[in-house]
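*Asks:* I have a structure I would like to understand better, so I am pasting it below and will then ask my questions one at a time.
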Amino acid sequence: MEEFSRHLAVERNASPKTLKAYRHALAAFRAQNQKPWKQCSTDDFRDYLFAIMKRGQARSYVRLQFSALRVFYKYLTDRKRLSVDPLRQLQLPKVEKKLPLVLTRQQIEQLLVAPLKIDKERAAPNWMALEAIQKYRSAANVHSGALFINKSRKRISSRSIWLILKRYLRRTSIPISISPHKLRHSFATHMLDRGADLRSVQALLGHASLSTTQIYTHVTVERLKKAYADAHPRA
């Protein structure tokens with residue numbers, strides 16, 4: 001294990017954090033199984049997998065632990081003449097896909113109106129995007145280069161956008177902290193809620209693969225289940 005740690009540090013230039021994580025993964029397995037490393041079998045690692053899953057560890061944690069073990073055994077096969085890698089045939093659980101958090105349509109409408117509460121000029125909150133961009137270009141004198149700029153007339157950063165959203169959130173009653181990306185999640189879910197087809201939503205979001213867009217169908221199904229459970233007398 002010490003030779004392996006030196007290999008990671010010197011030859012692979014691993015960070016101290018990575019070295020600590022790998023040592024922890026190896027020590028955790030060693031605490032349950034004291035066999036010499038070269039005598040451990042696939043069944044030994046399968047038993048270890050079941051044991052940590054039984055403790056309720058997240059699948060992402062499980063995969064990180066076994067990632068370190070796989071790297072260790074690759075080192076043993078490459079450098080220590082281990083003939084068989086016991087982890088090669090071991091199937092790990094897939095990482096669970098977390099459903100994205102979305103805002104309700106009412107919360108989105110409230111958020112869109114928030115900037116207007118501090119504008120001196122009265123304006124309708126339902127501008128079309130193209131009209132809004134044209135007005136913005138004219139007012140900000142932006143006709144080439146980056147579209148959205150800061151006070152120094154440089155491209156606005158993602159952090160600045162997040163801070164703008166945070167400022168407007170404080171003017172709403174939305175009880176959760178959200179990121180600009182969650183507005184995309186909400187947009188896609190609301191489109192599907194209103195009957196938009198998946199291909200159209202894929203095109204609007206700019207997803208290269210339809211499978212990426214399909215996660216929003218799960219959100220919509222969950223909302224339908226909840227609506228049914230809340231409304232149906234026999235639910």
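The values are calculated or read from the model by the stated rules, or taken from the named source; none is laboratory data. Keep in mind the model is a prediction, meaning the values are calculated, not measured. FYI the Cβ positions are ideal-geometry reconstructions off the backbone, even for glycines, and counts take in every protein chain you see. Please note that ligands, DNA and RNA were not included when accessible areas were found on the heavy atoms of the full protein model with its side chains. Shrake-Rupley method; radii C 1.70, N 1.55, O 1.52, S 1.80 Å.
*Asks:* Tell me, which residue of the range 160-179 that is among the small types (Gly, Ala, Ser) and in a loop (DSSP other than H, G, I, E, B) is farthest from VAL102 (Cα to Cα)?
*Replies:* In the first step, residues of the range 160-179 are kept if they are among the small types (Gly, Ala, Ser); the result is 160, 173, 177, 179.
Within this subset, residues satisfying the condition of being in a loop (DSSP other than H, G, I, E, B) are 173, 177, 179.
Working: SER173: 15, SER177: 11, SER179: 10 Å.
Only one residue fits best here, namely SER173.
*Asks:* In the range 130-144, what count of residues is obtained for those that are among the small types (Gly, Ala, Ser) and open to solvent by less than 70 Å² (accessible area, probe 1.4 Å)?
*Replies:* 2
*Asks:* Right, here's the next one. Residues in the range 51-76 that are in a helix (DSSP H, G or I) and open to solvent by 90 Å² or more (accessible area, probe 1.4 Å): how many?
*Replies:* 5
*Asks:* I want to confirm something. Restricting to the range 10-26 and keeping residues that are in contact with a Ser or Thr (Cβ under 9 Å, 6 or more places away or on another chain) and of a type in the set (D, E, K, R), which single residue is least open to solvent (accessible area, probe 1.4 Å)?
*Replies:* Step by step, filter the range 10-26, then rank; the result is ARG23.
*Asks:* Next question. Search the range 31-50 for residues being part of a helix (DSSP H, G or I) and without any contact (Cβ under 8 Å) to a residue 24 or more places away in the chain, and hand back the single one that is least open to solvent (accessible area, probe 1.4 Å). Talk me through it step by step, then tell me what you get.
*Replies:* Here is the first cut: in the range 31-50, the residues part of a helix (DSSP H, G or I) are 31-32, 37-39, 42-50.
Filter once more, so that each one left must be without any contact (Cβ under 8 Å) to a residue 24 or more places away in the chain: 31-32, 39, 43, 47-48, 50.
Working: ALA31: 79, GLN32: 84, GLN39: 122, ASP43: 89, ASP47: 89, TYR48: 6, PHE50: 122 Å².
So the residue we want is TYR48.
*Asks:* In addition: Hey, could you check the range 193-229 for residues that are closer than 19 Å to GLN106 by Cα and open to solvent by 70 Å² or more (accessible area, probe 1.4 Å) and say which is modelled with the highest pLDDT?
*Replies:* Restricting to residues being closer than 19 Å to GLN106 by Cα and open to solvent by 70 Å² or more (accessible area, probe 1.4 Å), the top hit is ARG194.
*Asks:* Going through the range 1-30 one residue at a time, which ones are among the small types (Gly, Ala, Ser) and assigned to a helix (DSSP H, G or I)? Working first, answer last.
*Replies:* So the first thing to find is which residues in the range 1-30 are among the small types (Gly, Ala, Ser), and the list is 5, 9, 14-15, 21, 25, 27-28.
The answer is SER5, ALA9, ALA21, ALA25, ALA27, ALA28.
*Asks:* Among the residues of the range 168-179, count how many are modelled with pLDDT of 85 or more and surrounded by 12 or more Cβ atoms within 10 Å (Cβ to Cβ). Please lay out each step first, then the result.
*Replies:* So the first thing to find is which residues in the range 168-179 are modelled with pLDDT of 85 or more, and the list is 168-173.
Right, trim to surrounded by 12 or more Cβ atoms within 10 Å (Cβ to Cβ) and you get 168-169, 171-172.
Total satisfying the criteria: 4.
*Asks:* Select from the range 154-167 the residues that are closer than 14 Å to LEU112 by Cα, open to solvent by 50 Å² or more (accessible area, probe 1.4 Å) and in contact with a helix residue (DSSP H, G or I) (Cβ under 7 Å, 6 or more places away or on another chain) and list them in ascending order. Break it down stepwise before answering.
*Replies:* To start, the set of residues in the range 154-167 that are closer than 14 Å to LEU112 by Cα comprises 164-167.
If we keep only those that are open to solvent by 50 Å² or more (accessible area, probe 1.4 Å) too, we end up with 164, 166-167.
Listed by number, the list is empty, since nothing qualifies.
*Asks:* Would you mention how many residues in the range 77-109 are open to solvent by 40 Å² or more (accessible area, probe 1.4 Å), assigned to a loop (DSSP other than H, G, I, E, B) and at pLDDT below 85?
*Replies:* Residues flagged as open to solvent by 40 Å² or more (accessible area, probe 1.4 Å), assigned to a loop (DSSP other than H, G, I, E, B) and at pLDDT below 85 within the range 77-109 amount to 8.
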